[in-house]
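The values are calculated or read from the model by the stated rules, or taken from the named source; none is laboratory data. Values in this document were obtained by computation on a predicted structure and should not be read as measured data. Heads up, the Cβs are rebuilt from the backbone with ideal geometry, glycines too, and the neighbour counts pull from every protein chain shown. Keep in mind that these areas ignore ligands, DNA and RNA; they rest on the heavy atoms of the full protein, side chains included. Shrake-Rupley method; radii C 1.70, N 1.55, O 1.52, S 1.80 Å.
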Amino acid sequence: MKGYFQQLIRSLFSCLGVFICFLPSGTRAASTALQFNRDIRPILADNCLACHGPDSAKRKASLRLDTREGLYGKTKDEGLVITPGALDKSALWKRIVSTDKDEMMPPPESHKLLTPEQKERLRQWIVAGAAWQSHWSFIKPERGSLPKVKNPRWIRNSIDPFVLEKLEEKGLSPAPEADRRTLARRLALDLTGLPPKPADLEAFISDRSANYYEKFVKQLLDSLSWGEHRTRYWLDAARYADTHGLHFDNYREMWPYRDWVIRAFNSNEAFDQFVIEQIAGDLLPEPSQDQIIATGFHRCNMTTNEGGTIEEENLVNYANDRVTTTGWVFLGLTLNCSACHDHKFDPLSMRDFYSMAAFFRNTTQTGLDGNVKDSNPSITVVTDAMDLKRWKALPAEIEVAKSMMEKSRKDAEPEFAKWVGGLRKEDLEREQSGETPAFHAPLNDGKTDQIHFRAQGVEGAVASTGLLKILEDGKTGPAPRFGKDVTAAFAGVGDYDQEQPFSFGSWVYVPENYNGAAAILSRMDEGNHYRGWDLWIEKGEFASHIVHQWPGSAIKVRTNKRLAKTGQWHHVMATYDGSGKAEGLRIYVNGAAAALETENGAGVKGTLRTSVPFRLAQRSTGAHFDGVGL
């Protein structure tokens, strides 16, 4: 079968320059041999099967005309339904030509009426031997002979005789060949879904060779756009989608299957191999990556993670989908009908349906997809040819590396135990701090009227209208609690500009029932368009401002949910990368990067420097954080 599809397309589109007329199904020349499926079955289906078909509840006289056994069987009292070659011995024909209203078929009350042409077709069929045909999908395709035509000189390919036969039958002549510009556009749109490229169009118009048309057809078939265009139809049949289809309808990565189908069309893969790889590519001996990807045909079904569904029921639905799709696409059968009952029209039973479904229940797929793009456990990590060799070598190398790591860990255990035994608190604090900070204030000296900040010679003092309270359970000993209007201010710390990266933060105790908005740390001049920077809390969300002039030259980000728990300590840090952009400002809470929302992304376009001092629990004059512990 290799190449058959493209050969058919090449032939079909070589007749684009003529007017094509197709007649309704079932209309045949008198000399054409009758066929049961094409000429007789539609007549019986339209006029007889409502009373003599598959529906046992509506069937009359226990007579079936939809099966071979019924058509060639006996009636209750009129002999054989059909006797091949003998009209006078065929009960069906006698009833059709009867004029007795009690005997004629179809009966008058059915409001069905056979036309003279239909009666003649039935007569010819019985006289010719009443040959039966099973469902079209069970009949092996056979190449028919070409029709005989009056003007054989017009024919250029094997499609043309069929077109010309119908034209001559109706007394018509082929239309003149279209101009080259029209031909090129028709070809390109039909074969690739795209208009022709200007250069290709001009080359086609100016080509004076005898096979100019066939050359352009081949050029289009050889283009990548050919496969992309034709693939759309196959992907529709395969119910391809890049989302799960149910519940949240989240994204899923199915595109490798789409790309495989495109490659299969563009490489003109043999159809039998195309089918095998999609149904059972993973079961082939030493399957390639492409053959495994091809089985994505059966992973295109809709899946769900809806908590209200039953996982086992979902798996039943997934198997139902796969049987149904396989029946439609590969067998040409409506197998889905047999999920609930034996098929009324096709020779299919419920047993057939569930026997086939058993194949699709032997999978590792879970009933819930997790609302993620990679539905475990059936995942294929796609690697290109350049990476594949390395990809195959990595597992063994990883195992070796793990063994070496484990050996190093065991070898280091004695030294580690010795180090831990001699460790002091001061050593841990020094190790954790990393680089020496520009400013570090433990705030744990326990004084109630002032706090001394000692970092690289910098000192600051408490300015207050009330006493500073002490929390005995601070993170590094007794900790200050800033009451109303109590703040600590000092100069020479935190004097950074907009292009300088810096980090700032603190342990923070959030008072019980606190729901306000205030500065935790700041060097910000409220009287000068809020110039400077701060670490901020607002309704339980941590935030930070970097400001030249608010709001036109500033940024503000905040955590996207309430992370501050009242009555608890939190370690809060902000880092700024000097870019002047909101994405350069990050906030970490208890060592984890917080998800942020940008409240002001205007960008900083000027200096941050200001003459006001650095403060704890307050900006320059306001936004005091009452009751905070630092």
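Simple spin-label model, 7 Å along Cα-to-Cβ: TRP136 to LYS215 in nm?
For the pair TRP136/LYS215, the computed spacing is 3.9 nm.
SER611 to GLN568: FRET efficiency via 1/(1 + (r/R0)^6), r the Cβ-Cβ distance, R0 30 Å, to the nearest 0.05?
Values: r = 36 Å, r/R0 = 1.19.
Given R0 = 30 Å and the Cβ-Cβ separation, E is 0.25.
Using 7 Å Cα-to-Cβ label points, what is the ASP485/ILE276 separation (nm, one decimal)?
Between ASP485 and ILE276, the simple spin-label model gives 9.0 nm.
So how strong a dipole does the range 506-614 carry about its Cα centre when Lys and Arg Cβ are +1 and Asp and Glu Cβ are -1, to the nearest 20 debye?
120
May I ask you to derive the FRET efficiency for ALA385 and ASP207 from their Cβ-Cβ distance with R0 = 45 Å, giving the value to the nearest 0.05?
For R0 = 45 Å, the calculated efficiency reads 0.80.
In the chain, with Lys and Arg counted as +1 and Asp and Glu as -1 at Cβ, which of these residues, PHE504, ILE546, ILE398, has the Cα nearest the positive end of the dipole, that is, farthest along it?
Sorting the options by dipole projection puts first ILE398.
In the structure shown, do any of LYS58/LYS112; LYS112/LYS140; LYS389/LYS410; LYS74/LYS119; LYS150/LYS215; LYS197/LYS218 have a Cα-Cα gap over 25 Å, and if so which?
Flagged as over cut-off: LYS112/LYS140; LYS389/LYS410; LYS150/LYS215.
Carbon and sulfur atoms: what percent of the 1.4 Å accessible area of the chain do they account for?
Carbon plus sulfur share of accessible area: 55 percent.
Within 10 Å of each candidate Cβ there may be at most 13 other Cβ atoms; applying that plus a DSSP loop requirement, which GluC sites (Glu not before Pro) in the range 463-572 survive?
GLU499, GLU512
Going toward the positive end of the dipole of the range 208-333, with +1 on Lys and Arg Cβ and -1 on Asp and Glu Cβ, which of MET254, TYR318, SER267 do you reach last?
SER267
Please work out the FRET efficiency for the pair ALA358 and LEU224, using the Cβ-Cβ distance as r and a Förster radius of 35 Å; give the result to the nearest 0.05. If you can, show how the numbers build up before the last one.
Details: r = 40 Å, r/R0 = 1.14.
Taking R0 as 35 Å, the efficiency between ALA358 and LEU224 is 0.30.
Scan (i) 1.62; (ii) 1.10; (iii) 1.14 for the value of Cα Rg over 2.2 N^0.38 Å calculated from this model and give just the label.
For Cα Rg over 2.2 N^0.38 Å, the calculated option is (i).
Local charge sum around VAL316 (other residues, Cβ-Cβ under 12 Å, Lys/Arg +1, Asp/Glu -1)? Could you put the intermediate results ahead of the total?
Working: positive: ARG322, ARG361; negative: GLU311, GLU312, GLU313, ASP321.
Net local charge, VAL316 excluded: -2.
Among all helices in the chain defined by DSSP H, which have a length of 18 Å or more along the axis from Cα atoms plus a Kyte-Doolittle mean of at least -1.0?
Details: long enough: 224-237 (21 Å, -1.06); 311-326 (23 Å, -1.15); 385-421 (53 Å, -0.65).
Passing helices, by number: 385-421.
Highest mean first, what order results for 112-119, 336-343 on Cβ atoms within 10 Å?
Numbers: 112-119: 12.6, 336-343: 15.6.
Going by the mean number of other Cβ atoms within 10 Å, highest first, we get 336-343, 112-119.
With the crude spin-label approximation of a point 7 Å out along Cα→Cβ, what separation in nm comes out for LYS561 versus ALA178?
Between LYS561 and ALA178, the simple spin-label model gives 5.9 nm.
Pulled fully out, how much extra length does the chain show between GLU399 and THR243, if you take 0.36 nm times their separation in residues and subtract their Cα-Cα distance?
Gain on stretching GLU399 to THR243: 52.6 nm.
Tell me, in nm to one decimal, what length is gained between LYS170 and HIS341 on full extension, where the rule is 0.36 nm per residue of separation less the Cα-Cα distance?
Extra length from LYS170 to HIS341 when fully extended: 57.0 nm.
Taking the Cα centre of the chain as the origin, how large is its charge dipole in debye, to the nearest 20, when only Lys and Arg (+1) and Asp and Glu (-1) carry charge on their Cβ atoms?
Computed charge dipole of the chain: roughly 2020 debye.
Quick check: residue separation of LYS150 and LEU87 times 0.36 nm, minus the Cα distance between them. What number comes out in nm? Could you put the intermediate results ahead of the total?
Working: separation 63, 0.36 × 63 = 22.68 nm, distance 3.56 nm.
Value of the extension gain: 19.1 nm.
Positive end of the charge dipole of the chain (Lys, Arg +1 and Asp, Glu -1 on Cβ, about the Cα centre): tell me which of ALA441, GLY584, VAL149 has its Cα farthest that way.
So the residue furthest toward the plus end is VAL149.
Using only alpha carbon pairs under 8 Å that are at least six residues apart, calculate the relative contact order of the chain and give it in whole percent.
8
Distance between the C-alpha centers of the range 348-386 and the range 122-158? Whole Å please.
Comparing the Cα centres of the range 348-386 and the range 122-158, I get a distance of 42 Å.
Just in the range 504-550: which trypsin sites (Lys or Arg not before Pro) are loop by DSSP and have at most 14 other Cβ atoms within 10 Å? If you can, show how the numbers build up before the last one.
Values: sites: ARG523, ARG531, LYS539; in loops: LYS539.
Those satisfying the criteria are LYS539.
Less than 17 Å from a label point 7 Å out along the Cα-to-Cβ axis of GLU69: which backbone N atoms in the range 127-150 qualify, by residue?
133-135, by backbone N distance to the label point.
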